[in-house]
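S.K.: Quick one: structure below, then a few questions.
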Amino acid sequence: MTVAIDRATGKRRGDAPRPGLGQRLKHGYQKHWYAYVMIAPVVVVLGVLVLYPLGYGMYLTLTDANSLNTARTIGVNEIEATYRFIGLDNYVDILWGETAYDRFWSHFLWTIVWTAACVALHYTLGLGLALLLNQKLRGRTFYRLILVLPWAVPTFVTVFGWRFMLADGGIINSALESLHLPTPLWLEDSFWQRFAAIMVNTWCGVPFMMVSLLGGLQSIDSSLYEAAEMDGANAWQRFRYVTLPGLRSVSSTVVLLGIIWTFNQFAVIFLLFGNTAPDAQILVTWAYYLGFGQQPRDFAQSAAYGILLLAILIVFTSFYRRWLNRNEQQLAI
């Protein structure tokens, strides 16, 4: 018996029943078994390293788990877990509790300022350096290697180097003192701690932005600049109407990546200050402090911070992509 498909509706015509779900899965496995075998290791690794920790972390946020009531072994004695299910109380306490501003909102506001300042500096300085390196300069390859070094060097080496330079007797304060200028307490005063954190993270992040934007600049057709120059456009007009539109796709991607990486930038803050700068802690380092830097260690609250961070980034990314799509549609019109 033949079975036809209605092209208008996509429905099957005829008396033959549609195969069940089990039959369709069996047929798909028989037809694409090699693809399933190839992706199985990736699925297993993602499940073990991502999905299981995420699911377990979400479960912990619904409990009052800490280092005193979780299962643990002391010598030969095995102590069972005694934490209990409390629902959404952790989220309520973090967002609207009596100490919500000191424990969450102050760190959230500083995280927003930190992210905006760092990404703006990353993009501005990276674009400026990319424009310079895109010119025909003698020794351009050498300059590129030098400017990429801060990104190539491991982060902990870079941050420890800056920490030594920013110390009271470090090279930076010594140079300022020799010039009879004020010597800030970079690692002690709250304002200068935040300033130093932005400065160090800018040093670490500019090379990536520079390399990405340089690749975007080299992909722009040179004939567009020639046409603009023939039309009488000056340097600023060529930059505004040719360079920036040509970098739109690259810029949108690297800015999104920069925001996500900076928002969760743990290494710079932690290696630069440890737990000695409460006002300079962003949300991710504050979550680490709650879970591992105090006694008793509050696993439930720390996990709740992690879930809130994930939710914030998901919401921001969805709005960001929607905003980009709307702008692209308006430009297409």
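The values are calculated or read from the model by the stated rules, or taken from the named source; none is laboratory data. Note that the structure is a prediction, hence the values are computed from the model and not measured. Don't worry about glycine lacking a Cβ; one is built from the backbone with ideal geometry, like all the others, and counts go over all protein chains shown. These area figures cover heavy atoms from the full protein model, side chains too; ligands, DNA and RNA do not enter into them. Shrake-Rupley method; radii C 1.70, N 1.55, O 1.52, S 1.80 Å.
S.K.: So, in segment 79-90, exactly how many residues are under 14 Å from residue 305 (Cα atoms) and assigned to a loop (DSSP other than H, G, I, E, B)?
M.R.: 1
S.K.: Now for a different question. Does residue 327 meet the test of being within 29 Å of residue 251 (Cβ to Cβ) and either in a loop (DSSP other than H, G, I, E, B) or among the polar types (S, T, N, Q) (or both)?
M.R.: yes
S.K.: For segment 158-175, check the following and say yes or no: at least one residue is more than 33 Å from the chain's Cα centre (by Cα), at pLDDT below 90 and surrounded by fewer than 14 Cβ atoms within 10 Å (Cβ to Cβ).
M.R.: Within segment 158-175, one or more residues are more than 33 Å from the chain's Cα centre (by Cα), at pLDDT below 90 and surrounded by fewer than 14 Cβ atoms within 10 Å (Cβ to Cβ).
S.K.: I've got another one for you. Among what's in segment 295-314 and is open to solvent by 50 Å² or more (accessible area, probe 1.4 Å) and closer than 22 Å to residue 271 by Cα, pick the residue that is nearest to the chain's Cα centre (by Cα).
M.R.: Here the residue is 297.
S.K.: Here's something else I'd like to know. Of all residues in segment 31-58, how many are of a type in the set (A, V, I, L, M, F, W, C), open to solvent by less than 100 Å² (accessible area, probe 1.4 Å) and within 30 Å of residue 300 (Cα to Cα)?
M.R.: Final tally of qualifying residues: 9.
S.K.: Quick check: anything in segment 194-210 assigned to a helix (DSSP H, G or I), open to solvent by 50 Å² or more (accessible area, probe 1.4 Å), out of contact with any Gly (no Cβ under 7 Å at 6 or more places or on another chain) and touching a residue at least 40 places away in the same chain (Cβ under 8 Å)?
M.R.: Yes, the conditions are met somewhere in segment 194-210.
S.K.: Same structure again: Enumerate the helices (runs of 4 or more DSSP H) found wholly within segment 91-183, keeping only those where 3 or more residues are without any contact (Cβ under 8 Å) to a residue 12 or more places away in the chain and more than 26 Å from residue 267 (Cβ to Cβ).
M.R.: It comes to 140-152, 171-178.
S.K.: For segment 225-236, give me each residue that is surrounded by 13 or more Cβ atoms within 10 Å (Cβ to Cβ) and either touching a strand residue (DSSP E or B) at 6+ places or on another chain (Cβ under 9 Å) or in a loop (DSSP other than H, G, I, E, B) (or both).
M.R.: 233
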